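**Student:** Dumping the structure here so I can ask a few things about it.
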Amino acid sequence: MTPQDARAHYNFLLTLCLRKEESFGPLAFAFLKEHDLDQLQLTPEEQFNLYMATSEAFAAEPKRYNHKMECLQKAHQILRRTQYANPELARQLTQEIQKTSVEWDLYNEAMRAARSAAPPPSVDKQRLIVETDLPRLLSYHGPKTRLGLLPAEVQAHKRRENGTTFHRPFA
């Protein structure tokens, strides 16, 4: 990929980001993984913007924390080379990385505990009980009709008894 192609793709990705397109996150993450941004001659500011936008695009799901943390760490490394470099922003990035890392660790710990605490699957038969109002409906509608038909069928049966039929015109 040439530097011009890279810049065009970068602009395309940021356009997707601004539009809040769902495809931005996966496309940007793939672009970041597959290319060396320094070799593509993207400025440190452009690299920082892309890593930060990508980290924000990930859904707040535990399975995405690892990727988010990866983008935040890269952005933190690039921050020193940008014009944005200041201690306050670096501190905020560090806090976000630590928060994401703790959430990732808690998720992994909970998943390990859930797997180890789960009883082994048994091959015994289990009984499923389903409650329904069908017996009450039949006892209510049954005496009202000779045949014990359901309500929609009751109406049709009564019309047939009375000799009235309804014809619907074709649309």
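**Student:** With 67, 76 as the choices, which residue is closer than 23 Å to residue 16 by Cβ, out of contact with any Lys or Arg (no Cβ under 9 Å at 6 or more places or on another chain) and at pLDDT 85 or above?
**Tutor:** Going through 67, 76 in turn, just one is closer than 23 Å to residue 16 by Cβ, out of contact with any Lys or Arg (no Cβ under 9 Å at 6 or more places or on another chain) and at pLDDT 85 or above: 67.
**Student:** Among (1) surrounded by fewer than 19 Cβ atoms within 10 Å (Cβ to Cβ); (2) in a helix (DSSP H, G or I); (3) more than 26 Å from the chain's Cα centre (by Cα), there is one condition residue 109 misses while meeting the rest; what is its number?
**Tutor:** (3)
**Student:** Same structure again: For region 83-99, does any single residue satisfy the condition of being β-branched (Val, Ile, Thr), surrounded by 14 or more Cβ atoms within 10 Å (Cβ to Cβ) and at pLDDT below 65?
**Tutor:** Within region 83-99, not a single residue is β-branched (Val, Ile, Thr), surrounded by 14 or more Cβ atoms within 10 Å (Cβ to Cβ) and at pLDDT below 65.
**Student:** Where residues in region 4-23 are of a type outside the set (A, V, I, L, M, F, W, C) and surrounded by 12 or more Cβ atoms within 10 Å (Cβ to Cβ), which of them is farthest from residue 74 (Cα to Cα)?
**Tutor:** Restricting to residues being of a type outside the set (A, V, I, L, M, F, W, C) and surrounded by 12 or more Cβ atoms within 10 Å (Cβ to Cβ), the top hit is 21.
**Student:** As an exercise: evaluate residue 31 against (1) farther than 19 Å from residue 98 by Cα; (2) out of contact with any His (no Cβ under 9 Å at 6 or more places or on another chain); (3) not in a loop (DSSP other than H, G, I, E, B) and give the number of the one condition it does not meet.
**Tutor:** For residue 31, the failing item is (2).
Residues checked against (1) within 30 Å of residue 6 (Cβ to Cβ); (2) at pLDDT below 90; (3) not acidic (Asp, Glu):
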{"site": "37", "(1), (2), (3)": "yes, yes, yes"}
{"site": "40", "(1), (2), (3)": "yes, yes, yes"}
{"site": "43", "(1), (2), (3)": "yes, yes, yes"}
{"site": "61", "(1), (2), (3)": "yes, yes, no"}
{"site": "80", "(1), (2), (3)": "yes, yes, yes"}
{"site": "116", "(1), (2), (3)": "no, yes, yes"}
{"site": "126", "(1), (2), (3)": "no, yes, yes"}
{"site": "141", "(1), (2), (3)": "no, yes, yes"}
{"site": "147", "(1), (2), (3)": "no, yes, yes"}
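**Student:** With assigned by TED's automatic domain parsing to the domain that holds residue 111, free of Cβ contacts under 8 Å to residues at least 24 places away in the same chain and within 30 Å of residue 111 (Cβ to Cβ) as the only criterion, which of 73, 39, 98 stands out?
**Tutor:** Step by step, each of 73, 39, 98 is checked, and only 98 is assigned by TED's automatic domain parsing to the domain that holds residue 111, free of Cβ contacts under 8 Å to residues at least 24 places away in the same chain and within 30 Å of residue 111 (Cβ to Cβ).
**Student:** If you don't mind, another one. Do you know which of the residues in region 1-33 that are charged (D, E, K, R) and either modelled with pLDDT of 90 or more or over 26 Å from the mean Cα position of the chain (by Cα) (or both) is farthest from residue 85 (Cα to Cα)?
**Tutor:** Result: 5.
Table: residues versus (1) buried (at least 20 other Cβ atoms within 10 Å of the Cβ); (2) basic (Lys, Arg); (3) in contact with a Ser or Thr (Cβ under 7 Å, 6 or more places away or on another chain).
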position: 2; (1), (2), (3): no, no, no
position: 25; (1), (2), (3): yes, no, yes
position: 47; (1), (2), (3): yes, no, no
position: 51; (1), (2), (3): yes, no, no
position: 57; (1), (2), (3): yes, no, no
position: 66; (1), (2), (3): no, no, no
position: 69; (1), (2), (3): yes, no, yes
position: 72; (1), (2), (3): yes, no, yes
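**Student:** Is it true that some residue in region 35-44 is out of contact with any strand residue (DSSP E or B) (no Cβ under 8 Å at 6 or more places or on another chain), buried (at least 21 other Cβ atoms within 10 Å of the Cβ) and within 23 Å of residue 100 (Cβ to Cβ)?
**Tutor:** Within region 35-44, not a single residue is out of contact with any strand residue (DSSP E or B) (no Cβ under 8 Å at 6 or more places or on another chain), buried (at least 21 other Cβ atoms within 10 Å of the Cβ) and within 23 Å of residue 100 (Cβ to Cβ).
The values are calculated or read from the model by the stated rules, or taken from the named source; none is laboratory data. If you're wondering where the values come from, they're calculated on a predicted model, not measured in any experiment. No Cβ is skipped: glycine too gets one built from the backbone with ideal geometry, and neighbour counts run over all protein chains shown.
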